[in-house]
Amino acid sequence: MTLADYLQARGLTAAEFARRIGRSRSTVARWCTGQRHPDAAAMRAIMDETQGAVMPNDFFSTAT
C-alpha cells in the first residue's frame, strides 16, 4: 500500500501524518507524490505509525 493510499483510506491529511511522525507536511507530501523517498529513520517511523501497512518497497515502483 502506498503512503498516499494509506492516508486516503484513513482520512488523514499529510499534515496530520507528518505531526504524528515528527516530519513536515511538505516532506510527507513529497513522499506521497514520489518526488522524494524517506530515509531509514523516517521509514521506521512510517512503518511504526502505519503498523506495517506501508513498507519500504511501497515507495519503489515495480513496473517495467
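The values are calculated or read from the model by the stated rules, or taken from the named source; none is laboratory data. Small disclaimer: the values here were computed from a predicted structure and weren't measured. Here the Cβ is made from the backbone with ideal geometry for all residues, glycine too, and neighbour counts use every protein chain on show.
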Original post:
Would it be correct to say that Ala9 is touching a Gly at 6+ places or on another chain (Cβ under 8 Å) and modelled with pLDDT of 95 or more?
Top reply: no
Subject >> Residues that are outside any helix (DSSP H, G or I) and in contact with a helix residue (DSSP H, G or I) (Cβ under 7 Å, 6 or more places away or on another chain), drawn from segment 1-12 >> reply: Met1, Thr2
**OP:** Could you run through segment 24-58 and say how many residues are of a type in the set (Val, Ile, Thr) and in contact with a helix residue (DSSP H, G or I) (Cβ under 6 Å, 6 or more places away or on another chain)?
**Re:** 3
Original post:
Looking at (1) part of a loop (DSSP other than H, G, I, E, B); (2) within 15 Å of Asp5 (Cβ to Cβ), can you tell me which one Cys32 breaks?
Top reply: (1)
Original post:
Which residue pairs have Cβ atoms closer than 7 Å, lie 6 or more positions apart in sequence or on different chains, and pair a first residue in segment 2-14 that is within 16 Å of Met47 (Cβ to Cβ) and surrounded by 17 or more Cβ atoms within 10 Å (Cβ to Cβ) with a second residue that is modelled with pLDDT of 95 or more and among the aromatic types (Phe, Trp, Tyr)?
Top reply: Leu3/Trp31; Leu7/Phe17
